[in-house]
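Worksheet for the structure shown next.
The values are calculated or read from the model by the stated rules, or taken from the named source; none is laboratory data. Not measured: the values here are computed from a predicted model. Because the Cβ atoms are built from the backbone with ideal geometry, glycine has one as well, and the counts that use them run over all protein chains shown.
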Amino acid sequence: MKKYGTLIQLFSVICIVSLLLSGSLFAQEERKIKMDEYKVQLAEWQGRETAAQEKINALNTDIEGLNGQITDTQGEIDATWTEIYEMLGTDKAGVEAFGTDLNDIDAGLDGLSSISAEDLFRRQEELCALKDRIATAKESKIALLTEMENKIAELEGKVAALEANMPANIFDQYTVVANDNLWKIAKKPDIYDNPLQWIRIYNVNKDQIKNPDLIYSDQIFNIARGVAKNEHLVEKGEFLYKIAGMAKVFNDPTKWTKLYEANKDIIQDQNLIYPYQVLTIPKQ
């Protein structure tokens, strides 16, 4: 029996050793399989890296070629611009300064477009000055450049919109009280603060003033606060010939008769006009 027990123990030891050896061999085989898979993946990744590098090298070659073409094209562009500048009689700095001036005009027009129509009327001289700058710009050869031509057209559109929004004139109203006369009304500080300007009140309200020496209580007169674009406010020392010669009128003194014909209702003697009369300037 003792011998039999010994054999059983020996058999058990052999089984345990066999199991351990089998596990070790299996682990080695598993590691071998993983290493083989890694080598396959590594080879695949290295192949991809090589292919990518070849593409990068090809792209770099293309880029170098394109950069060369860009350099050549830029040279042609610069040469063309040099010719253009010569034809325009300026240089790059001159063109940039021209564009800056147009942008400054644009800012001025935008500023005027943000105010009320009444304020615009009061600042119409600013609009006229901006228009003159546009007209001067158009006379430059630089204005022939497409970019500048388009910008000037945009500015002229803004001017047209402002002029369309500007009233012909702006008025306050005054209600006649007892013992008033045109001289006294014109003298009031909140009217004209100048009695000689009574004739302006008369000119504007001729539809209800038949006789400038005769006005009535409760009549409501319009008090002009400006001069319309098609009007001229006579100043001391002016006469029809001189007024007709003004640039804003006809720029031709020989056309004084046109002024006279258009204002016969307030001019009794063509050789005699008075300060503060408001003359209508007829269209040519």
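Filter region 139-159 down to the residues that are basic (Lys, Arg) and surrounded by 15 or more Cβ atoms within 10 Å (Cβ to Cβ) and list them by number.
Step one: filter region 139-159 for residues basic (Lys, Arg), giving 141, 151, 158.
Matches in region 139-159: Lys151, Lys158.
Among the residues of region 151-160, are any out of contact with any strand residue (DSSP E or B) (no Cβ under 7 Å at 6 or more places or on another chain), more than 30 Å from Glu86 (Cβ to Cβ) and part of a loop (DSSP other than H, G, I, E, B)?
So the first thing to find is which residues in region 151-160 are out of contact with any strand residue (DSSP E or B) (no Cβ under 7 Å at 6 or more places or on another chain), and the list is 151-160.
After this cut, where a residue has to be more than 30 Å from Glu86 (Cβ to Cβ) as well, the list is 157-160.
From what is left, the residues that are part of a loop (DSSP other than H, G, I, E, B) are none.
No, that holds for no residue.
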Q.
Checking the conditions here, which among Leu162, Leu120 is within 17 Å of the chain's Cα centre (by Cα), surrounded by 17 or more Cβ atoms within 10 Å (Cβ to Cβ) and touching a residue at least 12 places away in the same chain (Cβ under 8 Å)?
A. Leu162
(Q) Kindly evaluate Thr90 against the criterion of being within 30 Å of Tyr216 (Cβ to Cβ) and among the β-branched types (Val, Ile, Thr). (A) no
Q.
Restricting to region 170-210, count the residues that are buried (at least 16 other Cβ atoms within 10 Å of the Cβ), under 30 Å from Cys128 (Cβ atoms) and in contact with a Phe, Trp or Tyr (Cβ under 7 Å, 6 or more places away or on another chain).
A. 10
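Taking region 90-114 on its own, how many of its residues are in a loop (DSSP other than H, G, I, E, B) and exposed (fewer than 12 other Cβ atoms within 10 Å of the Cβ)?
In the first step, residues of region 90-114 are kept if they are in a loop (DSSP other than H, G, I, E, B); the result is 90-91, 114.
From what's left, exposed (fewer than 12 other Cβ atoms within 10 Å of the Cβ): 114.
Result for region 90-114: 1.
Residues are listed down the side, and each one gets a yes or a no for (1) in contact with a strand residue (DSSP E or B) (Cβ under 6 Å, 6 or more places away or on another chain); (2) among the small types (Gly, Ala, Ser):
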position	(1), (2)
Leu162	no, no
Thr175	yes, no
Ala178	no, yes
Pro189	no, no
Lys229	no, no
Lys236	no, no
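Okay, residues lined up against (1) more than 19 Å from Asn263 (Cβ to Cβ); (2) within 43 Å of the chain's Cα centre (by Cα); (3) modelled with pLDDT under 95:
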{"residue": "Trp183", "(1), (2), (3)": "yes, no, no"}
{"residue": "Lys188", "(1), (2), (3)": "yes, no, no"}
{"residue": "Asn203", "(1), (2), (3)": "no, yes, yes"}
{"residue": "Asp207", "(1), (2), (3)": "no, no, yes"}
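Does Ile84 satisfy the condition of being modelled with pLDDT of 95 or more and either more than 19 Å from Ile223 (Cα to Cα) or within 15 Å of the chain's Cα centre (by Cα) (or both)?
Numbers: modelled with pLDDT of 95 or more: no; either more than 19 Å from Ile223 (Cα to Cα) or within 15 Å of the chain's Cα centre (by Cα) (or both): yes.
It is false that Ile84 is modelled with pLDDT of 95 or more and either more than 19 Å from Ile223 (Cα to Cα) or within 15 Å of the chain's Cα centre (by Cα) (or both).
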Q. Can you name the residue in region 78-89 that is among the hydrophobic types (A, V, I, L, M, F, W, C) and loosely packed, with under 11 Cβ neighbours inside 10 Å and is also farthest from Thr136 (Cα to Cα) among such residues?
A. Ala79
